[in-house]
Amino acid sequence: SNLGPNATVDAPGNYWLVVTSDDEVCTDTLEVEIIGDFRTYESTVTASSNQLNCLYDSVLLTLETAPESLLEWIVPSNASFNWIDEPFELWTETSGVWQIVTTHPESGCETSVSLEIGSDFTPPEVHAGFADTLTCSVPTSTVSGVEVSPQGYTPILEWSWTEGALNSFAPWSNEEPQVLLPGTYYLNVTFEENGCTGLDSLVVVQDPEATIDASSAQFPNVITPNKDGKNERLTLYLAENPDFPLLSIVDQYELLIFNRWGEAIFSSFGAPVEWDGRINNKPVTEGTYYYRVRYVIICGEEQRGERIGSFEIFR
């Protein structure tokens, strides 16, 4: 095609310049070869984490490309960063879109890669709930009303305490733990997704006036350890309130069981126990046995007691 005296081309190839005199008698031809060079370098950028959060307050950005590339980093506004291996690797605490333009030094052709770093420092808002006042008649209390917000996160709950205790033997629930002692209980919540934490506390008190009168404490006169669920164990109880778990408020306990010849066959000192009529895991014979028990109750006002008597074992 005829491009005229000044030619602009957009494709490689061979081009000829033909010059003709005004009288069209003389001509001359010049061949020009245009070579195309569209070489580029491919680049990839990775991050040690795609999100800035309470677990990762800074991220490492790493660019992989040809060493001879000409590089331009287009960073978020007000970005702060430190070079680890300029211009290929850096640490930053700035979220946003990070873009790198790679230029081939000979062709001048550019390619671009980008990576967006998110940010989430949302802390849990924690309400540790509430628990009823502990009394001698109600020595434990279940925490209720635990709340964690906002929604959309996976909360990890962890309790700790000062001068208190949680029941680790009850069916465990961090949302509704069972309190055994007065004290200050702390609920620490961590969001699994961003590692951010929140803390709230719960104070559980004990009513010093709410005491239990243990003056009617006694043992049964018969036990029948035959696995029928009735009168299976020798246990201290209140004659005036037999359903109350008296041993749950006993702090010190000494129990001795004697046979009819006065020989001690069972003893327990420390934590309160219920005797099941066995020695070394073997049932004793039926008949008359004797006991002596001493106990101390500190819940409310201190109460001390001693009981001596006899009971029968039937099967």
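Averaging the sequence gap over all C-alpha pairs within less than 8 Å and six or more residues apart, then dividing by the number of residues, gives segment 219-315 a relative contact order of 30 percent. Across segment 90-110, the residues whose backbone nitrogen lies under 18 Å from the label position 7 Å along the beta-carbon direction of SER80 are 90-97.
Among VAL75, VAL146, VAL205, the order by Cβ neighbours within 10 angstrom, fewest to most, reads VAL205, VAL75, VAL146. Estimated from the Cβ-Cβ distance and a Förster radius of 35 angstrom, the FRET efficiency linking ASP251 and SER173 is about 0.80. Each peptide in 14-21, 190-197, 179-186 was scored by the mean count of other Cβ atoms within 10 Å over its residues; highest first, the order is 179-186, 190-197, 14-21. Given +1 at the Cβ of Lys and Arg, -1 at the Cβ of Asp and Glu and no other charges, the dipole of segment 125-204 around its Cα centre is 220 debye to the nearest 20.
In this rough spin-label picture, where each label sits 7 Å from Cα along the Cβ direction, the LEU199-ASN226 distance is 5.9 nm. Report note on the peptides 150-162, 91-103: ranked by the mean count of other C-beta atoms within 10 Å, highest first, their order is 91-103, 150-162. Taking the Cα centre of segment 217-313 as origin and assigning +1 to Lys and Arg Cβ atoms and -1 to Asp and Glu Cβ atoms, the resulting dipole is close to 340 debye.
Farthest towards the positive end of the charge dipole of the chain, among the residues PRO208, PHE38, SER173, is the Cα of PRO208, using unit charges on the Cβ of Lys, Arg, Asp and Glu.
Computed over the chain with a Gaussian network model linking Cα atoms closer than 10 Å, the most mobile of GLY13, GLY108, GLY164 is GLY13.
Each residue, ILE265 and ARG39, gets one label point 7 Å from its Cα in the Cβ direction; the gap between the two is 10.0 nm. Ranking LEU63, LEU52, VAL75 by how far each Cα lies toward the positive end of the dipole of segment 43-119 (charges on Cβ) leaves LEU52 at the top.
All of the numbers you see were taken from the coordinates with simple rules; none came from a lab. Quick caveat: nothing in here was measured; it's all calculated off a predicted structure. Reconstructed Cβ throughout: ideal geometry from the backbone, glycine too, with neighbour counts over all protein chains shown.
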